[in-house]
Amino acid sequence: EHKVNLRTKELNKEKSKVEKQNKQIMQSINYAKRIQESILPSNELLKDFFSDHFVYYQPKDVVGGDFYWFRSFDNIAAIAVVDCTGHGVPGGFMSMMGSLLLDKIVQRNNLDTSKILSELNDEIIRVLKQENEGSMQDGMDLSLCVIDKKNNELSFSGARNGIFVLEENNEKCYDADLIPVGGYYSQKSKKINRFYSTQSIKLKENSWVFMYTDGYYDQLGGKNMHSLGMDLFLSHLTKAVKGKERRVEVLKQEYSQWRDKFPPIDDVLVVGFQI
């Protein structure tokens, strides 16, 4: 009995130690979340430029690897929706780096979307020292739009992430180039040659533009436990637009209903706007 009591005291002491360490770790991660949220564009900034917009942002963990970025120059603005390699703390580090690099690259005199992606690719390779075959080859998938509000025009370039445009119930998908930004070598240890194309889009009045990462439509769920898919994702977006001020709640409800008891597999980020 004496030995059992001693062992119990030792276990309680170890438990208290682990709980203290866990509390310290969670305090650090929660503070990291506050820092990460501070780099995201404010709702007021987006509201000043767009006639209407919404953002559905739901990291898988406390901090996430998805982020959105925005800069405006009078009637012209650049907006990006980015999915970094990984999620959680590693994804959070990548998102901070990506946001700072976009701030550095995008200037009033540099609004060519394909050149922006090329420069972002070069900067990630430089910062992470990816020229060596043995270095980590992490990168980002993203969609980038430069919007001319005065002329109702949009330029789009994408690295593995496309966009949707909804015009009076007519849906059109604009595909991205199937190469990420960052990562000097492929999985087969071959150097990656990159070229990012630009697509020019003339927007009609009341057109909606949707930018997104893969977390929503890749989510497992349903009766047969498969991915939600792009078709169902687009129907959810159309339903959300009709939901007026409840757009984010509609997307969240449809997402939760689909996955049911299955846990989230990735960060979720969806941005919609009208100019």
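The values are calculated or read from the model by the stated rules, or taken from the named source; none is laboratory data. Quick caveat: nothing in here was measured; it's all calculated off a predicted structure. Methodologically, a virtual Cβ is constructed for each residue, glycine included, from the backbone with ideal geometry; neighbour enumeration extends over all protein chains shown. Protein only, heavy atoms only, side chains kept; ligands, DNA and RNA dropped before computing areas. Shrake-Rupley method; radii C 1.70, N 1.55, O 1.52, S 1.80 Å.
A few comments on the model shown:
- Scanning the range 254-263 for residues that are assigned to a helix (DSSP H, G or I) and either touching a Ser or Thr at 6+ places or on another chain (Cβ under 7 Å) or surrounded by fewer than 18 Cβ atoms within 10 Å (Cβ to Cβ) (or both) yields a total of 3.
- For K204, the test of being more than 20 Å from G64 (Cβ to Cβ), out of contact with any strand residue (DSSP E or B) (no Cβ under 6 Å at 6 or more places or on another chain) and not in a strand (DSSP E or B) is failed.
- Considering the range 119-150, the residues that are of a type in the set (D, E, K, R), more than 19 Å from the chain's Cα centre (by Cα) and farther than 15 Å from D103 by Cα include one that is most open to solvent (accessible area, probe 1.4 Å), namely K150.
- Test: Y68 is outside any helix (DSSP H, G or I), out of contact with any Lys or Arg (no Cβ under 8 Å at 6 or more places or on another chain) and of a type outside the set (A, V, I, L, M): yes
- So G272, is it touching a strand residue (DSSP E or B) at 6+ places or on another chain (Cβ under 9 Å) and in a loop (DSSP other than H, G, I, E, B): no
- Search result, residues across the range 1-50 that are surrounded by 11 or more Cβ atoms within 10 Å (Cβ to Cβ) and not in a helix (DSSP H, G or I): L40, P41, F50
- Counted residues, the range 63-74 - those being buried (at least 16 other Cβ atoms within 10 Å of the Cβ) and either over 18 Å from Q274 (Cβ atoms) or at pLDDT below 90 (or both): 7
Residue by residue, here is whether (1) in a strand (DSSP E or B); (2) within 22 Å of I201 (Cα to Cα); (3) of a type in the set (A, V, I, L, M, F, W, C); (4) modelled with pLDDT under 95 holds:
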| site | (1), (2), (3), (4) |
| --- | --- |
| K104 | no, no, no, yes |
| L117 | no, yes, yes, no |
| D122 | no, no, no, yes |
| M136 | no, no, yes, yes |
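Residue-by-condition table, conditions (1) of a type in the set (F, W, Y); (2) open to solvent by 60 Å² or more (accessible area, probe 1.4 Å); (3) in contact with a Cys (Cβ under 9 Å, 6 or more places away or on another chain); (4) not in a loop (DSSP other than H, G, I, E, B):
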| site | (1), (2), (3), (4) |
| --- | --- |
| G183 | no, no, no, no |
| S200 | no, yes, no, yes |
| F210 | yes, no, no, yes |
| Y217 | yes, no, no, no |
| I265 | no, yes, no, no |
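- Residue list for the range 106-115, filter: at pLDDT 90 or above and over 23 Å from V270 (Cβ atoms): L111, D112, S114, K115
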